[in-house]
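The values are calculated or read from the model by the stated rules, or taken from the named source; none is laboratory data. These figures come from a predicted structure and were not determined experimentally. Because the Cβ atoms are built from the backbone with ideal geometry, glycine has one as well, and the counts that use them run over all protein chains shown. Just so you know, the surface numbers come from the protein's heavy atoms only, side chains and all, with ligands and any DNA or RNA stripped out. Shrake-Rupley method; radii C 1.70, N 1.55, O 1.52, S 1.80 Å.
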Amino acid sequence: MRIRTHPLIYEINTWAWLTALSRRYSRPITLESIPTEVYDALAAWGFDAIWLMGVWERSPAARDLARRPQTLDEYRRALPDLKPEDVVGSPYAVHRYVVDDYLGGASGLARCRKELARRGLRLLLDYVPNHVAFDHPWLTTHPNAIIHGDTKALAADPVTFFQGPLGDVVAHGRDPYFPAWSDTAQINAFASSARNLARSALETLANQCDGVRCDMAMLLLNRVFGTTWGAAAGPIPETEFWAEIIPVIKATHPDFTFLAEAYWETEPELQALGFDYTYDKGLYDRLLEGDVEGLRVALGRPLDLQARMAHFVENHDEARAVVAFGPQRSLAVAAISLLIPGARLLHEGQLAGWRVKTPVQLGRRLEEATDLLIEPFYRALLGETRQAIYHDGLFTLIDAQNEAALAFCWTLENDWRLVVVNAANHRTPVSVALPDGLFPAGLMPAREVLSTASAVLGGKSQPDVALRLDLPAFGAQIWRPR
């Protein structure tokens, strides 16, 4: 099943989700026993794929590390009634690529995938290429696939290095701009043994799901990895890590989707190496900063690049959208991220206006009420995004004739949509000019999708001006033929 162009992807924190379902139904719920109506509710939103974050077996040692008193104090800010058993360890300190028994095991995942497929939903899972848990079996069975140091390195930098199970000195996984992750061990992306293990792991994953979200994918680029680890990594290979991995999987699973978590403007590079989609952190940052001119530049990128970006206003790494942007502004930026070309990534709880960001190490989340301003807006907006025009149509950025507003349109045969968003915190007049040839000639009766407003676009006196609007603060409107 090939994923639709410009797909809608919904991220779910699997462990916390199943815990919440168990509480709702007053019985244990695993991937094996998710009620039918839960799948039906997911399908009703119009998603194309479900990303079940955190299904793999978690490290027992990482779990113990996460239960230290100082860490528990931090987690209580997200879950005031926290119990030690709520801390299940990081899903990104993978112990083995085996579905955690607590979540339902391999059979539970297979059943879940089947139920999703029956409703036209693809299944995405995590793949963590840069590191494994610091008690992973590879540290003893394949030590040459792991970055090592020596006793001097351990003494000089105990944050980055630790004593391994073979009496060796092992490196923790890291991003070069931050301290090492203490619950992980660093894979050596330059080692042929590590690349062979990666291919083998992904071949197994490709038989269990329809795609993977690759954690911190840019860290495996030769130039990045070489800069991060230097001589400890050994000689730089002639080929890129992803060039040896992705084509092998695509050869046997041509519709398998690779989504890269990517930063530092590495998106074109990763797309060239075979990724179907890459995170659009640049767009998120411009939305957060309110940089309207920067947004225009971003929306004016080549369509072949933009169509393979994954846009979001929250995910498990970022603050909740209603907290980061404020409730009303969060809806305006959501309209932008969901209505432009590319993959559209949504996060569990975003549609309900949840405010608490749950650490990924927790298996239970705070129960929050649905925001009655946020949820109806998303229902209307996602109902609109199901339309074929947002997947098969032509996207064009147009002039809103106001520095605080963005406007763009979609056209498909005789159908069209005009999207106008006020990025300012005050009421803003907008005059939208439509480029020649994008719309049928003459007057066009139109209606606004998110309200009951109607208008007539175009006119003999000013044929270049389609519509004059007076948008409220952080207002978003979608015009279509009446």
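A full extension of the chain between V297 and S451 corresponds to an added length of 52.5 nm, given 0.36 nm per residue minus the alpha carbon distance.
Using the Cβ of Y284 as centre and a radius below 10 Å, the other residues enclosed give a net charge of -3, where K and R count +1 and D and E count -1. Put the Cα centre of segment 154-170 next to the Cα centre of segment 240-296 and the gap is 33 Å. Extension gain, Q163 to S192: 0.36 nm times the residue separation minus the Cα-Cα distance gives 8.1 nm.
A simple spin-label model places the labels of F178 and T71 1.5 nm from each other, with each point 7 Å out along Cα-to-Cβ. In this structure, the amide hydrogen of A405, modeled 1.01 Å from its nitrogen in the peptide plane, lies closer than 5 angstrom to those of A423, counting only residues at least 5 positions away or on a different chain. Across every pair of non-identical alpha carbons in the chain, the mean reciprocal distance, once inverted, gives a Kirkwood radius of 23.9 Å.
The angle between the Cα long axis of helix 14-25 and the longest principal axis of the Cα atoms of the chain comes to about 70 degrees, rounded to the nearest 10. Sorting the segments 19-28, 242-251, 41-50 by their residues' average number of neighbouring beta-carbon atoms within 10 angstrom, most packed first, yields 41-50, 242-251, 19-28.
The value given for segment 211-270 is a Kirkwood hydrodynamic radius of 12.6 Å, derived from the mean inverse Cα-Cα separation. Counting only alpha carbon atoms, the long axis of helix 241-252 and the longest principal axis of the chain meet at about 70°.
As a length-normalised measure over Cα pairs under 8 Å and 6 or more apart, the relative contact order of the chain settles at 14 percent. The angle separating the long axis of helix 374-385 from the principal Cα axis of greatest extent in the chain is about 80 degrees.
Treating r as the C-beta distance of L373 and T151 and R0 as 45 Å, the FRET efficiency rounds to 0.15. Structural descriptor for segment 320-425: relative contact order 22 percent, calculated from alpha carbon pairs under 8 angstrom and at least 6 residues apart.
Accessible surface of the chain, 1.4 Å probe: 53 percent of it comes from carbon and sulfur atoms.
For a distance above 19 Å, tell me the whole-number percent of Cα pairs in segment 7-76 that qualify. Percentage above 19 Å: 50.
In the chain, helices alone account for a calculated mean residue ellipticity at 222 nm of -9000 deg cm²/dmol, with every DSSP H run of four or more residues adding -39,500 (n - 2.57).
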